[in-house]
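Down below is the structure, laid out as structure tokens.
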Amino acid sequence: MQELLKRQKGLHRTVLIVDDEFIEREILGAMLEDEYTIIYADDGELALDLIKKNRLTLSLIILDLHMPKLDGYDLLEILHSDNELRRIPAIVLTSEKGAEVKSLKLGAADFITKPYDVPDVIRARVQRSIELAEDSVIIHETERDALTGLFNKEFFFEYGKRLDHQNNNMPMDAVVLDINRFHIVNELYGKSYGDLILKKVGSAIHDIVRETGGLACRSGSNRFYIYLPSDLDLDVLIPVYIDNIDKAMGDKKISVRIGIYMDDGSGTDMEHRFDCANLACGKLRSSYTSCYDFYSAELHEKELHHEHLINDMDRALAEKQFKVYFQPKYNIQGDRPVLVSAEALVRWFHPEFGMVSPGEFISLFESNGLIQKLDRYVWSEAAAQIRRWKDEFDFLLPVSVNVSRVDIFDPELNDVLKDITSSNGLDTKDLLLEITESAYTDSTNSKEITQKVTSLRNMGFKIEMDDFGCGYSSLNMLTSLPIDALKLDMKFIRNICNNKKNFKLVGIMVEIARLLEVPVIAEGVETKEQMEMLKSIGCDVIQGYYFSKPVPADDFNRLITAEKEALVKQL
Ligand code: C2E
Ligand code: CA
Ligand code: CA
């Protein structure tokens, strides 16, 4: 821009005349020399040299098509494919009709036919070409990002929408590219290095757009938007683009991430497409290697749903939308099944979504720490229910609660559990704690977990290892873990009746429990056949639909009543 203003402040504009014929050069030069500074070249190669040297000050090129070495067409092609040089207008000198179309296609601004018109006509054409080009430079500079030469965001969306309109909403994909940890690049290596990286990425994006007929802009400091026709095979092309961009940046410490929205024919507008691509890009974690991902509507729906659940959690607790259900556990080793405890399982009665199962929200709440609040609530409800059954039925039924691995790191855990039991007048042994095997094995802090659980056990809480068989603990490790019962994972029970190997496996797990001198609990038992097989191999306790689904406390009352009646009969 500055350059342009300098040139406009009365300085002579410079015109390059390229022709191998001395006479032709002289005639044209004589026509223009009063108004312009003229420089000459007698072949294409020299011309290209002069153009490069004077690229900032040259206002126009007048170009003969037929020359030795590099001819006019080739020179036009070179100029046209160069981002910087293509802004200099070229007028072509020609005597053949067919050449005009070809030169215009190659980006020529105008043409002058030989033999020459009267000088005034030529001067007028020269002046007009220069003015048009200068106007378009001004437009170019307001539309473009100065650093990369790509559109700025505002014009990008304007042209994109125009393109959609002109092309009758031809399918277009949205691609968002971000440079990972760019602020660190700037901080560590300086702003000029950062600018250099941006320029290189910008230039690689220029190439993509040129090859595909798309549009691109820089949006914000290190984010780029690319709008591409959908007929490209992005699955194949994106890795190629990434490779090119990585090569262009030439710095292994810097990587990019790319989010893609593929046109799904829903006719959504350009802004929304880029919102979706932005989401896909944002989800990728910055890494040291470049990566990409596609936007998926279902995944996004799921995320929104999760977000909804997270936002609603506090209110749900306050409004008691969470209900604790109880599922009985029976000891089956005697003549009749004996009710020995129950597991507390939470359900969410959401005003909008209805009953939401814990499978949907437990791991979500584990990932953001909300589980602690919910579990404390469930433990209190479970303890209060043990108290109620004790008071109403004179029946002390220990209840197991699930303790998430996240809870175990809570420094207040021991005090919280102690408070819950003592405030309900219960003994610590009345509350059983279910901790999954994987809590011990997946964690890098398995030693710390073992210490914490040991301290709970020393307080009198009974520990049941939940989902045993999924966590891959070694036998050696198992002997040193603080456990009072092994609870086999449901998936081993599911097909013990029709899969011999599975049955044998369960037998081995029962043997392990014997070795550890703890009882075995099988959960997910749905049929009599399963129950009997488990009984035959020495499984002690059974939990599952065969006896009862998890039910509200009020429905559970009848199981307690039945148990009491059986006890009386036994006497
Ligand atoms: P889990 O601790 O392994 O609980 C057993 C799951 O098996 C429960 O699913 C239960 O309803 C289900 N189940 C019981 N018997 C049968 C059966 O015979 N057949 C089949 N197919 N399923 C049976 P639910 O209630 O959906 O809970 C799923 C998981 O959510 C639980 O698995 C537990 O890990 C977690 N969870 C539930 N409530 C709580 C809670 O209050 N706190 C924490 N931290 N986790 C909880
Ligand atoms: Ca459990
Ligand atoms: Ca389980």
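Note on residue 500: lysines with a C-alpha under 28 Å away, same-chain residues under 8 apart excluded, are 329, 487, 491, 528, 535, 549.
Among beta bridges from DSSP that stay inside the chain, the antiparallel ones total about 45%. One chain, two ends: residue 314 and residue 357. Fully extended at 0.36 nm per residue, the span grows by 13.8 nm beyond their Cα-Cα distance.
The calculated FRET efficiency for the pair residue 105 and residue 297, based on their C-beta separation and a Förster distance of 60 Å, comes to about 0.90. At a probe radius of 1.4 angstrom, the accessible area of the chain per residue rounds to 50 square angstrom.
In this simple spin-label approximation, residue 49 and residue 135 carry label points 7 Å from Cα along the Cα→Cβ vector, and these lie 3.7 nm apart. If only the Cβ of Lys and Arg carry +1 and only the Cβ of Asp and Glu carry -1, the dipole of the chain around its Cα centre is close to 1920 debye.
When each of the peptides 18-30, 430-442 is scored by how many other beta carbons lie within 10 Å of its residues on average, the order from highest to lowest is 430-442, 18-30.
Taking a Cβ cut-off of under 12 Å around residue 564, the surrounding Lys, Arg, Asp and Glu residues balance to a net charge of -2, with basic ones at +1 and acidic ones at -1. Each Cα pair under 8 Å and six or more residues apart adds its separation to the average, and for the chain the resulting relative contact order is 8 percent. DSSP assigns beta bridges within segment 313-570; of those with both partners inside it, close to 45 percent run antiparallel. For segment 16-102, the antiparallel share of DSSP beta bridges with both residues in that region comes to about 0%. Normalised by the number of residues in segment 459-571, the mean separation of alpha-carbon contacts (under 8 Å, six or more apart) gives a relative contact order of 20 percent. Seen against the Cα atoms of the chain and their longest principal axis, helix 553-570 is set at about 30 degrees. Bridging of residue 247 to lysines at a Cα separation below 30 Å is possible for 52, 53, 153, 191, 199, 200, 283, once same-chain residues fewer than 8 apart are set aside. As a fraction of the 1.4 Å probe accessible area of segment 313-570, surface on carbon and sulfur atoms comes out at 51 percent.
Calculate, for residue 455 and residue 394, the FRET efficiency according to 1/(1 + (r/R0)^6) with r their C-beta to C-beta distance and R0 35 Å; round to the nearest 0.05. Step by step, r from the Cβ atoms, then E = 0.60. In the chain, helical runs assigned H by DSSP with n ≥ 4 each contribute -39500 (n - 2.57); averaged across all residues and rounded to the nearest 500, the mean residue ellipticity at 222 nm is -16000 deg cm²/dmol. If I fit a long axis through the Cα atoms of helix 297-318 and take the longest principal axis of the Cα atoms of the chain, what angle between them do I get, 0 to 90°, rounded to 10? Rounded to the nearest ten degrees, it is 50.
The modelled label-to-label distance between residue 412 and residue 305, using points 7 Å beyond Cα along the C-beta direction, is 3.3 nm.
The values are calculated or read from the model by the stated rules, or taken from the named source; none is laboratory data. What you see is a predicted model; the values in this text were computed from it and never measured. Positions of Cβ are generated from backbone atoms using ideal geometry, with glycine treated the same way; all protein chains shown enter the neighbour counts. Quick note on the areas: whole protein, heavy atoms, side chains included, nothing else; ligands and nucleic acids left out. Shrake-Rupley method; radii C 1.70, N 1.55, O 1.52, S 1.80 Å.
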